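I have placed the structure first, in the form of structure tokens, so that the comments after it can refer back to it.
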Amino acid sequence: MNTLGSFTIQTFTGLSAFRTGMFRLLRSVSGITVAQIDEEVAKLLELKLRLGGDDGKHQFVLKTPKGTRDYNPKQMAIREKVFNTIVSCFKRHGAETIDTPVFELKETLTGKYGEDSKLIYDLKDQGGELLSLRYDLTVPFARYLAMNKISNIKRYHIAKVYRRDNPAMTRGRYREFYQCDFDIAGHYDPMIPDAECLRIVSEILSELDLGDFHIKVNDRRILDGMFAVCGVPDDKFRTICSTVDKLDKMCWEDVKNEMVKEKGLSEEAADLIGEYVSMQGGMDLAVRLLEDPKMSQSKQACAGLSDMKQLFSYLQLFQVTDKVVFDLSLARGLDYYTGIIYEAVLGPAGATPPPPQAGAPKAEESLSVGSVAGGGRYDGLVGMFDPKGRAVPCVGVSVGVERIFSILEQKVEAEKVRTTEIQIMVASAQKNLLEERLKLVTELWNAGIKAESMFKKNPKLLSQLQHCEDSGIPLVAILGEQELKNGMVKLRTVATREEVDVSRADLIEEIRKRTSTV
């Protein structure tokens, strides 16, 4: 009999007995492979885990699912600061916000992400609808525009997305993570909205103080024109584009091998692509390529190069040309891009870390986090959802907040970070003053002051002061019997330990004055 059905979890009461039984079975039953044994062992171990351990008690592993994590108060304080910086920038540029469901109809997401479509999380059939968790915020945005017949909007959206990717936790790559998107939809003159998106990326990364960075830009039309003049067949454009997109992770030889050996491209075409993708520059490179004997033969490439020239002229006015590099190796593998594409990388221009070589540390051990923002123009995506094929040109950027957070978390690891916004602690110097403390803290709350008091009837003054130092609370209002008789409060500055008597009537104004810059 070529099955293991008669063997149950009760057969193996301990780990050694479990293994012994499986090896005996392997010897006694013909046709059973080691792989089948391993598969059945895994199933039985999973069943054993659900039913309980060897002592009959229910056992489970306390862990978060692969590619996810918890955030402690210190980490959340850092995240909140990052989000506030990003949202402030989006609002400064006139964006309004929307929200969409965390899952979409599967057909909404299908065919929009090229080779990355395999990373989409599909859900079980729920009431006759085939659903998937959203992979990004761009496709749901396009669906939202088509469904609501919106032809122009400047919007931002901050929400979680899900990818069945191979996680690298220390580099900020997860299966569940936030995206912070800014998009401009509508018919406008070429390259003005695109240039503003690049200005926004520059503002955010500068304000977050992450160190040197540069933004690589390219254009899908330039890429497609380059592929055409290099001899890439039309039906291989997207798949070769996906391979070129790996140049930030793989050396050129490996990329070339994938194009030639796995995807059937000729070696001559691959070598020509190699010459172009090594080029970097600014407006000067766009001018040079417009005069290139091969590239000038492609109308598509020339249109992209002319727009690239226009883009750099606007970037000059927006004062960000020192941060932007025209890089022909930038591909971005998503299928929906139709024009300008860009990606922000930490480090000065021309100093991008080389792709990993044999014997290099594993990705998880590397301090590099890859790109921290990316985006581009996708003029055809909304039309895919509109019943009449009505096109709404769009351009946008997505900030990789998890990767940014990984960097900031390492930078402030040893630093003290405030996790609350309490402005003042209401404390007592003697016993039996709980009611007076609660009255005062209520007055402060009523005035909009962020205040707290200890949940003890008679806490020691030293303990209350120590709590303020540990939590970073800047002020303490100390009540004593004498202060109560005189209608006063002793106001203590925690950092300097300076104390002054303040009348109860002036306390709220004094707190506001002292914490306005905190």
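The values are calculated or read from the model by the stated rules, or taken from the named source; none is laboratory data. Predicted model, so just to flag it, every value in this text is computed and none were measured. So basically every Cβ, Gly included, is an ideal-geometry build from the backbone, and we count neighbours across all protein chains shown. Ligands, DNA and RNA are stripped out before the accessible areas are found, and what is left, the full protein with its side chains, is counted by its heavy atoms. Shrake-Rupley method; radii C 1.70, N 1.55, O 1.52, S 1.80 Å.
So LEU247 clears everything in (1) at pLDDT 95 or above; (2) open to solvent by 20 Å² or more (accessible area, probe 1.4 Å); (3) under 25 Å from VAL401 (Cα atoms) except one condition, right? Which one? Tallying (1) at pLDDT 95 or above; (2) open to solvent by 20 Å² or more (accessible area, probe 1.4 Å); (3) under 25 Å from VAL401 (Cα atoms), LEU247 fails exactly one: (1).
Selection of segment 94-127 for residues being within 17 Å of VAL161 (Cα to Cα), open to solvent by less than 80 Å² (accessible area, probe 1.4 Å) and among the acidic types (Asp, Glu) yields GLU104, ASP116. Picking from residues in segment 131-189 that are of a type in the set (Val, Ile, Thr) and more than 18 Å from GLY375 (Cβ to Cβ), the one that is least open to solvent (accessible area, probe 1.4 Å) is ILE150. Condition check for PHE405 on (1) surrounded by 13 or more Cβ atoms within 10 Å (Cβ to Cβ); (2) within 18 Å of LEU465 (Cα to Cα): one failure, at (2).
Taking interchain pairs and intrachain pairs at least six residues apart, which have beta carbon atoms under 6 angstrom, with the first residue in segment 314-342 and in a loop (DSSP other than H, G, I, E, B) and the second polar (S, T, N, Q)? The qualifying pairs are VAL320/SER202; LEU330/ASN218; GLY333/SER242.
Condition test on ASP194, is it part of a helix (DSSP H, G or I), among the acidic types (Asp, Glu), open to solvent by less than 10 Å² (accessible area, probe 1.4 Å) and at pLDDT 95 or above? Answer is yes for this residue. Just to be sure before I move on: is GLU364 in contact with a strand residue (DSSP E or B) (Cβ under 7 Å, 6 or more places away or on another chain), surrounded by fewer than 14 Cβ atoms within 10 Å (Cβ to Cβ) and modelled with pLDDT under 95 in the structure I sent? Considered against the rule, which asks whether it is in contact with a strand residue (DSSP E or B) (Cβ under 7 Å, 6 or more places away or on another chain), surrounded by fewer than 14 Cβ atoms within 10 Å (Cβ to Cβ) and modelled with pLDDT under 95, GLU364 comes out as yes. For segment 499-515, check the following and say yes or no: at least one residue is within 26 Å of PRO73 (Cβ to Cβ) and open to solvent by 60 Å² or more (accessible area, probe 1.4 Å). Yes, the conditions are met somewhere in segment 499-515.
Taking the residues in segment 377-435 that are assigned to a helix (DSSP H, G or I) and of a type in the set (S, T, N, Q) as candidates, determine which candidate is nearest to the chain's Cα centre (by Cα). Among those residues, the one meeting the criterion is SER406. Pairing each residue of segment 80-98 that is acidic (Asp, Glu) with any residue that is open to solvent by 30 Å² or more (accessible area, probe 1.4 Å), provided the two are 6+ apart or on different chains, yields C-beta distances under 8 Å for GLU96/LYS154.
Would you check which residues across segment 409-419 are acidic (Asp, Glu) and open to solvent by less than 80 Å² (accessible area, probe 1.4 Å) and list them? If the condition is that a residue be acidic (Asp, Glu) and open to solvent by less than 80 Å² (accessible area, probe 1.4 Å), then GLU409 is the only one that fits.
Scan segment 276-292 and give yes if some residue there is within 30 Å of PHE405 (Cβ to Cβ) and crowded, with 19+ Cβ neighbours inside 10 Å, otherwise no. No.
Scanning segment 467-485 turns up one or more residues that are buried (at least 20 other Cβ atoms within 10 Å of the Cβ) and among the charged types (D, E, K, R). Scanning segment 420-439 finds one or more residues that are within 17 Å of LYS513 (Cα to Cα), open to solvent by 40 Å² or more (accessible area, probe 1.4 Å) and acidic (Asp, Glu). Can you confirm whether segment 55-78 contains a residue that is in a loop (DSSP other than H, G, I, E, B), modelled with pLDDT under 90, of a type in the set (Asp, Glu) and open to solvent by 60 Å² or more (accessible area, probe 1.4 Å)? Yes, that holds for at least one residue.
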